[in-house]
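Structure first, then comments.
Coordinate-derived values only; no laboratory data. Since the model is a prediction, treat every value here as computed from it, not as a measurement. Cβ placement follows ideal geometry from the backbone for every residue including glycine, while neighbour counts extend to all protein chains displayed.
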Amino acid sequence: QMKPGSVVIDLAASQGGNCPLTEADQVVVKHGVTLVGYTNLATHVPADASALYARNLLDFLKLVIDGEARFQLNLEDDIVAA
């Protein structure tokens, strides 16, 4: 038995779900457990994924561009060297 407040993300919701209480394309609470039954989960997070990618790209560019806006590889940096 799951504790109240638990969350189940049922990635098989489009095929009927792994949990018998999952409802396709619905978020429901049963017995204190939240069941997320999105059939296309990726459509619910594109903005977050884009923001994360943009932040990672910016942080990488900060490692390879110096203060004068010139491209410079610091092969001593573990991330750049990889």
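For this structure, a couple of remarks:
- Trypsin sites (Lys or Arg not before Pro) restricted to DSSP loop in the chain with at most 15 other C-beta within 10 Å: R70
- Loop-located GluC sites (Glu not before Pro) in segment 5-82, at most 10 other Cβ atoms within 10 Å (DSSP): E68, E76
- Taking label positions 7 Å along the Cα-Cβ direction at both D66 and E23, the computed distance is 6.2 nm, reported to one decimal.
- Overall Cα dimensions of the chain - principal axes, largest extent first, Å: 58, 25, 19
- Once you reduce segment 1-15 and segment 26-82 to the center of their Cα atoms, the two points are 25 Å from each other.
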